[in-house]
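Chemist: For reference, the structure I am asking about is given below.
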Amino acid sequence: MNKERTMTILITGATGFIGKYLCLTLLQQGHDVQALTRSESSLTQLTGFLQQQGAAMERFAALEGDLEKPDLGLVTLPNGIECIVHLAARFAWNLPEHEARHTNVTGSLRVAELARHLNCRLVFITGFMLANEAHLSRQGIQMSHPEQTDWSQVYRRAGGYEASKLESAFRLREFVARHGLNAVEVQPATVAGHGSTGDLDPAQPLYSLLDNLYHGRLAMIPGSPEHWLPLIPVDSLAQLIAAACTATHVPDTLLALDQNTPNLAGLLQAAAQLLGKPGPRRHLPIGVMKALLAIPGLPGLLKVAPESLAFIQTCRFDTSRTEQFLAQQNVQLPPFAQYLEASCRHYCQRLGVGGGAVTIGA
Ligand SMILES: NC(=O)c1ccc[n+]([C@@H]2O[C@H](COP(=O)([O-])OP(=O)(O)OC[C@H]3O[C@@H](n4cnc5c(N)ncnc54)[C@H](OP(=O)(O)O)[C@@H]3O)[C@@H](O)[C@H]2O)c1
């Protein structure tokens, strides 16, 4: 652990949902934060949030930059950076391959190049599907020789967003190995709301799930009783990423997911109860659901992107290394029931409606 020393940390994607909580956590820990941002309005929202939280704004600075520009569009190289956290990505469904690649793959390599140039640690954020080797093989990734992967085929199978995240992870790993970079890969599960306030951005996948439940668009449970959608509350994830920046010894990969997330049926039942709505009880195989969603207009009507179903799987993961690291860093995940309740409460407040106000297990 190395929490007494003040560090200077550059964050890409600082204006995003995870990024804003990471900025807050690092500032609260006394570090200096430089946010790479491309949009004035996003920056205004971020600084408004940080000010509202009472963050030490004298330790915060913004740097204009864009993943899509050569050299990230940086006019001068930032000074004194000891760690870069790479969160920025185009995070959307139905992204065309060239757009997803341009931002999420080429842009990520530009960030890695900057870390190499500055000779600093790179903490890059991928996703928990990178820990599911059977899934990666099904997508067409050559696990023993990733460089031989036909990436266009992966884009056709997985869709632009997920394929570009997978491709960027493999390309970043290769870059890190080739240049001997000090790097940590963080693989988050689907992000849930803040453990106490429940703050959850409407663009987040879990928000869409709650919205579909609330509006009765989820009549059946996708998959079998073995299927699950593991979660991680945003503030715990921010603490984990902050520790990956500041700790002296960090495992090279940190899988960030709450093992206590129940199966999808249990998650939906609990969320429906909290939202005061009837939850779905019958299962629908994922294959059948995908086939239904191939019917033109249905994804829009049901507000379900076929790509999003890929995150609902039966695979269970070994998180022992992350748990050991979290324990060393004194970071504790809140109970699942607590952050799900907070997320649902926040969703209802946003909508201006009352939820079921039921505590899970009560
Ligand atoms: N949320 C999840 O459930 C989840 C799960 C696993 C992994 N992840 C990964 O975690 C990371 C952050 O996720 P998030 O939920 O915080 O996403 P988010 O809220 O959509 O934020 C995305 C961030 O990327 C920035 N960005 C997009 N294009 C950019 C560009 N061309 N140049 C510079 N910045 C750009 C955005 O800046 P603007 O404000 O300018 O748009 C924003 O700050 C992503 O890499 C995502 O793949 C997320």
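The values are calculated or read from the model by the stated rules, or taken from the named source; none is laboratory data. On a predicted model such as this, the values are computed, not experimentally measured, just so you know. Backbone-built Cβ (ideal geometry, glycine too); neighbour counts: all protein chains shown. Side chains included, ligands, DNA and RNA excluded: accessible areas come from the protein's heavy atoms. Shrake-Rupley method; radii C 1.70, N 1.55, O 1.52, S 1.80 Å.
Chemist: Whole Å is fine, so just give me how far the alpha carbon centre of the stretch 313-354 lies from that of the stretch 77-117.
Modeler: One Cα centre to the other: 27 Å.
Chemist: Continuing with the same structure: Does the stretch 52-108 classify as rounded, prolate or oblate by the C-alpha gyration tensor (a ≥ b ≥ c root eigenvalues; a/c under 1.5 gives rounded; else a/b over b/c gives prolate, otherwise oblate)? List each step's numbers first, then the result.
Modeler: Numbers: a/c = 2.86, a/b = 1.60, b/c = 1.79.
Oblate.
Chemist: Among ALA131, ALA100, ALA112, which one moves the most in a GNM of the chain with springs linking Cα atoms closer than 10 Å?
Modeler: Of ALA131, ALA100, ALA112, the most mobile in the Gaussian network model is ALA131.
Chemist: Averaged over every viewing direction, what's the projected area of the C-alpha convex hull for the stretch 5-64? Give it in nm², one decimal, please.
Modeler: Numbers: hull surface 13.7 nm².
The orientation-averaged projected area of the Cα hull of the stretch 5-64 comes to 3.4 nm².
Chemist: Quick one, what does Rg over Rh come out to for the stretch 215-255 if you take C-alpha atoms and the Kirkwood Rh?
Modeler: Numbers: Rg = 16.7 Å, Rh = 13.6 Å.
The Rg/Rh ratio comes out at 1.24.
Chemist: So how do 35-41, 215-221 stack up, highest first, on mean other-Cβ count within 10 Å?
Modeler: Details: 35-41: 17.9, 215-221: 15.4.
Order by mean packing, descending: 35-41, 215-221.
Chemist: Based on alpha-carbon positions alone, could you give the equivalent ellipsoid semi-axes of the chain from the gyration tensor, as √(5λ), descending, whole Å? Display every interim value, and only then the final one.
Modeler: Values: eigenvalues 202, 125, 74 Å².
The three semi-axes for the chain are 32, 25, 19 Å.
Chemist: Using only the alpha carbons, work out the radius of gyration and Dmax of the stretch 120-164 in angstrom.
Modeler: 11.5, 35
Chemist: Within the set LYS20/LYS277; LYS165/LYS303; LYS20/LYS290; LYS20/LYS69, which residue pairs have Cα atoms separated by over 28 Å? The partial results should precede the final answer.
Modeler: On the way: LYS20/LYS277 31 Å; LYS165/LYS303 23 Å; LYS20/LYS290 34 Å; LYS20/LYS69 23 Å.
Over 28 Å apart, Cα to Cα: LYS20/LYS277; LYS20/LYS290.
Chemist: Separate question: Kirkwood Rh, Cα Rg: Rg to Rh for the stretch 5-152?
Modeler: Numbers: Rg = 16.7 Å, Rh = 16.6 Å.
Radius of gyration relative to Kirkwood radius: 1.01.
Chemist: Another question about this same structure. Can you bin every Cα-Cα distance in the stretch 241-320 into 5 Å intervals starting at zero and give me the percent of pairs per bin, rounded to whole numbers?
Modeler: Per 5 Å bin, starting at zero, the Cα-Cα P(r) for the stretch 241-320 comes out as 3, 10, 15, 16, 17, 14, 10, 8, 5, 2, 0 percent.
Chemist: Fully extended, how many nm does the chain gain between VAL288 and GLN28 (0.36 nm per residue separation, minus their Cα-Cα distance)? Write out the running numbers ahead of the final one.
Modeler: Values: separation 260, 0.36 × 260 = 93.60 nm, distance 4.74 nm.
88.9 nm is the gain from fully extending VAL288 to GLN28.
Chemist: Over the stretch 157-264, with the other protein chains present, what is the accessible area per residue in square angstrom, probe 1.4 angstrom? List each step's numbers first, then the result.
Modeler: Values: 3310 Å² over 108 residues.
Per-residue value: 31 Å².
Chemist: Chymotrypsin sites (Phe, Trp or Tyr not before Pro) within the stretch 1-74: which are DSSP loop residues with at most 13 other Cβ atoms inside 10 Å?
Modeler: When the chymotrypsin sites (Phe, Trp or Tyr not before Pro) of the stretch 1-74 are filtered for loop state and at most 13 Cβ neighbours within 10 Å, nothing remains.
Chemist: A follow-up question, please. Quote the FRET efficiency, to the nearest 0.05, computed for THR44 versus GLU226 with a Förster distance R0 of 45 Å and r equal to the Cβ-Cβ distance. Write down the numbers at each step before the final one.
Modeler: Details: r = 45 Å, r/R0 = 1.00.
FRET efficiency, THR44 to GLU226: 0.50.
Chemist: Let me ask another. Quick one: the Cα spread of the stretch 225-282 along its three principal axes, in angstroms, biggest first?
Modeler: Sorted largest first, the three principal extents are 48, 23, 11 Å.
Chemist: In whole angstrom, note down how far apart the Cα centers of the stretch 126-179 and the stretch 240-285 are.
Modeler: Computed from Cα coordinates, the inter-centre distance equals 23 Å.
Chemist: So, one more: Could you calculate the FRET efficiency of ASP71 with MET143 from 1/(1 + (r/R0)^6), where r is the beta carbon distance between them and R0 is 41 Å, rounded to 0.05? Please report the intermediate quantities before stating the final value.
Modeler: Numbers: r = 33 Å, r/R0 = 0.80.
With a Förster radius of 41 Å, E is 0.80.
Chemist: Identify the GluC sites (Glu not before Pro) of the stretch 164-195 meeting these criteria: DSSP loop state and at most 15 other C-beta atoms within 10 Å of the C-beta. List each step's numbers first, then the result.
Modeler: Values: sites: GLU167, GLU174, GLU185; in loops: none.
In loop regions of the stretch 164-195 (DSSP not H, G, I, E or B), there are no sparsely surrounded GluC sites (Glu not before Pro).
Chemist: Based solely on its DSSP helices, what 222 nm [θ] is calculated for the chain when runs of n ≥ 4 H residues each add -39,500 (n - 2.57) and the sum is averaged over all residues, nearest 500 deg cm²/dmol? Don't jump to the answer; show the numbers that get you there.
Modeler: Numbers: 14 runs with 148 residues, N = 362.
Per the formula, -12000 deg cm²/dmol.
Chemist: Please report, in cubic angstrom per residue, the volume enclosed by the convex hull of the alpha-carbon atoms of the stretch 78-204. Don't skip to the end; give the middle numbers.
Modeler: On the way: hull volume 16.0 nm³, N = 127.
It comes to 126 Å³ per residue, whole-number rounded.
Chemist: Using a Gaussian network model on the chain with a 10 Å cutoff between Cα atoms, which of GLN34, GLN332, GLN139 fluctuates the most?
Modeler: GLN332
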